1. State whether one or more residues within the range 80-95 are at pLDDT below 95 and more than 29 Å from residue 200 (Cα to Cα).
2. Among the residues of the range 432-448, write down those that are within 26 Å of residue 335 (Cα to Cα) and assigned to a helix (DSSP H, G or I).
3. At pLDDT 95 or above, crowded, with 18+ Cβ neighbours inside 10 Å and either hydrophobic (A, V, I, L, M, F, W, C) or more than 24 Å from residue 471 (Cα to Cα) (or both) - does that describe any residue in the range 295-309?
4. Do we find that residue 320 is at pLDDT 90 or above, under 27 Å from residue 237 (Cα atoms) and acidic (Asp, Glu) in this structure?
5. Condition first: touching a strand residue (DSSP E or B) at 6+ places or on another chain (Cβ under 8 Å) and farther than 19 Å from residue 240 by Cβ. Can you find one or more residues in the range 17-30 that meet it?
6. I'd like to know if the range 290-297 contains one or more residues that are over 15 Å from the mean Cα position of the chain (by Cα) and free of Cβ contacts under 8 Å to residues at least 60 places away in the same chain.
7. It is to be established whether one or more residues within the range 128-139 are under 27 Å from residue 253 (Cα atoms), outside any strand (DSSP E or B) and either in contact (Cβ under 8 Å) with a residue 12 or more places away in the chain or in contact with a strand residue (DSSP E or B) (Cβ under 7 Å, 6 or more places away or on another chain) (or both).
Amino acid sequence: MTAPNRQQEQIELIKFYASEIIKCKQSIFYFINNYARICDMAEPEPVKLYDFQQKFLKTFLHDKYSIVLGSRQTGKTRSTQLLCIWLMIFFPGYKIMHINRTVENACTNLREIKQMMQALPRWMVPEYGLKNLDSHILLKNDSEFKCESSGSNVSATKATSAGAGRGLRPFLLWVDESAYVDLDKLSDSIIPTTSKVHIKCKQNNIPYGILFTSTPNGTTGKGEFFFKLWCDAICGIGVYKPIKMHWSEVPDYDDAWYESVKARLRFNERKINQEYELKFLGGEGTWLTDNLIKLLNPKVHKKEYSSGSTGNKIVRIYEEYKPECKYLIGVDTATAYGADFSTIVIMEYQSFKQVAEYKGKLTVTEFIEVIKDCIDLYPSSILIPESNSVGTQVVEAFTLDQKYKNHLYYPMEKDGKIKYGFLTTSKTRQPLFNAIYDYLTEDPDCVRSEMLSLELSALVETKPGRIEANVGFHDDLVMGFGFCCYVRMYDNHLAKLFGRVNIIGSKDIETLKQAFSTANNSIDPKNKSSMIILEREKKLDQYMNKKEATEVDAFSFLNKKKVDDDQSMFKKKRSEIKEVNQIPLTDLEGNVTNKPMGKLEEMMARYHASVKEQQPQVDVVEEKPIEPERVSALKMLTDIMFKKE
């Protein structure tokens, strides 16, 4: 080959290298897909990024400040290592500070970075400069990577020292295992070293930022600061963007893999829930138990509604309005400039599932507009605003608004006076948290919001019976949720109005129709059980003859006034009978039974039993048997009418 040809080939090769370097610098994904190699095996293997890993890198490069909550073995560390390699090679003079819980862990990350750099083409990688140590490298293009730790005696700068992070002035600060690092102390040294250099990076279009990556480490102690950062990020407070990486997002992992992981951890529930299920379990003084916290399984909201005149108040919606349902809207009001937030929690009454929420800092006037938007979104609703402190402004505004006044909640006072809203006092606070606990233990899935789940996880018992948010945390959504819990559990008047029983659908009605139509036995007036059945059948017939009888509240089976009168009569009758609780219960056929019954059924059964006991002995008229189909249909109807959730 002649010299001119060889020279021409070299020129073309240089052009190719230059072209590839430009493409790699413009896109980290081009670099990873075409050149990056993993060195875990004997031979380097190409890197295959999963969708959630690509999303993580895109989010960080766009938003600059991120906090990553990731399960073990999901590739969060490997993705960050590739990010560091890309930055050091294609942005000369790039400075990276890496902090880890121990210097061994930090050096392991650097060693893996060096291995992946060695697997790249020689023309791409700058040579090492003056430093090529286990904890510190300096390339000839002046890019630098330095490790620090937070708790090791090995020769390395400790991240908890007052000067940690100040010497290098990093463009990128990466804190791995952040929940195990004393971030509270570290933050005093991080911010001064990054703020000014980040301004210069922004001016010169150089990537920069702060990145926290970790699994959870509880809600108190060393993991408290990371937990607070994550809570703030989820709520949109501060600069950090939340990124979650759960093991179930990895296509190669299945249930069999998960079972093998649990076996390797010797089925240590706390480790499994923290390191793989990403649960922030409680520490000393935490109100909710670890078992209950791990059952909280927040969902991703289906859509967002832009509320307010400017449309910048976001209401997160988990389930859209259903005309056949009724809703409770719990409202906790705060000032725009205080530490607390104004919140709204909307619960569907029948299933008691969370359907929507809002959390933000607004003036009371702005917040009232958001509340009205929520009522418009869920019109069949009762509004339960706290009537303490600044909340009184919300109550007053709605009492003067004729369009929305009828939505306001008021408890039935003994003196007959109407007092709108929910008054939080020492007498109502403890029952409120008891109601929260009962509903959470009964159905942890009733909470669909991650923000609410995190607030619940951060509740502590500061003294016997006093439940509140831990220092530095918030319980604003918890209170809105608690208002709904309290009213649903303790307000019997509202229970009658809303009918705290199952919704009867058209299929159920057809089933009842068929069951009753197949039973043709005659009704004996002397047979009390038969007469009860006849009365129930008449009510069912009246109900089914209504034109609108398709899917309505099952409480419409009953005549409310008659029920109230019956209860008053039974109560009076029971007071006249000595040791009424010793009277054996009888079912609708008159047989003694221990089967659990609804409250009204039990009162009826005891009443009839007491009457029978006091009647003089007469010749017993043999009662005709009731056909099984009719008894079965009545049982189904009774279960629907009187079953309480």
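1. Among the residues of the range 80-95, not one is at pLDDT below 95 and more than 29 Å from residue 200 (Cα to Cα), which makes the answer no.
2. 432, 433, 436
3. Pass one, the range 295-309, residues at pLDDT 95 or above: none.
Within the range 295-309, none of the residues are at pLDDT 95 or above, crowded, with 18+ Cβ neighbours inside 10 Å and either hydrophobic (A, V, I, L, M, F, W, C) or more than 24 Å from residue 471 (Cα to Cα) (or both).
4. Details: at pLDDT 90 or above: yes; under 27 Å from residue 237 (Cα atoms): yes; acidic (Asp, Glu): yes.
Yes.
5. We begin by selecting, within the range 17-30, every residue touching a strand residue (DSSP E or B) at 6+ places or on another chain (Cβ under 8 Å); these are none.
No, that holds for no residue.
6. Residues of the range 290-297 that are over 15 Å from the mean Cα position of the chain (by Cα), as a first pass: 290-291.
If we keep only those that are free of Cβ contacts under 8 Å to residues at least 60 places away in the same chain too, we end up with 290-291.
Yes, the range 290-297 has at least one match.
7. As a first pass, look at the range 128-139 and keep what is under 27 Å from residue 253 (Cα atoms): none.
No: zero hits.
Per-residue answers, yes or no, for (1) open to solvent by 60 Å² or more (accessible area, probe 1.4 Å); (2) farther than 17 Å from residue 212 by Cα:
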residue: 224; (1), (2): no, no
residue: 238; (1), (2): yes, no
residue: 241; (1), (2): yes, no
residue: 246; (1), (2): no, no
residue: 249; (1), (2): yes, yes
residue: 253; (1), (2): no, yes
residue: 259; (1), (2): yes, yes
residue: 264; (1), (2): yes, yes
residue: 269; (1), (2): yes, yes
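The values are calculated or read from the model by the stated rules, or taken from the named source; none is laboratory data. Keep in mind that this is a model prediction, so the values were computed, not measured. Note that we place each Cβ from the backbone using ideal geometry, even for glycine, and neighbour counts take in every protein chain shown. Note: accessible area is taken over every heavy atom of the protein model, side chains too, but ligands, DNA and RNA are not part of it. Shrake-Rupley method; radii C 1.70, N 1.55, O 1.52, S 1.80 Å.
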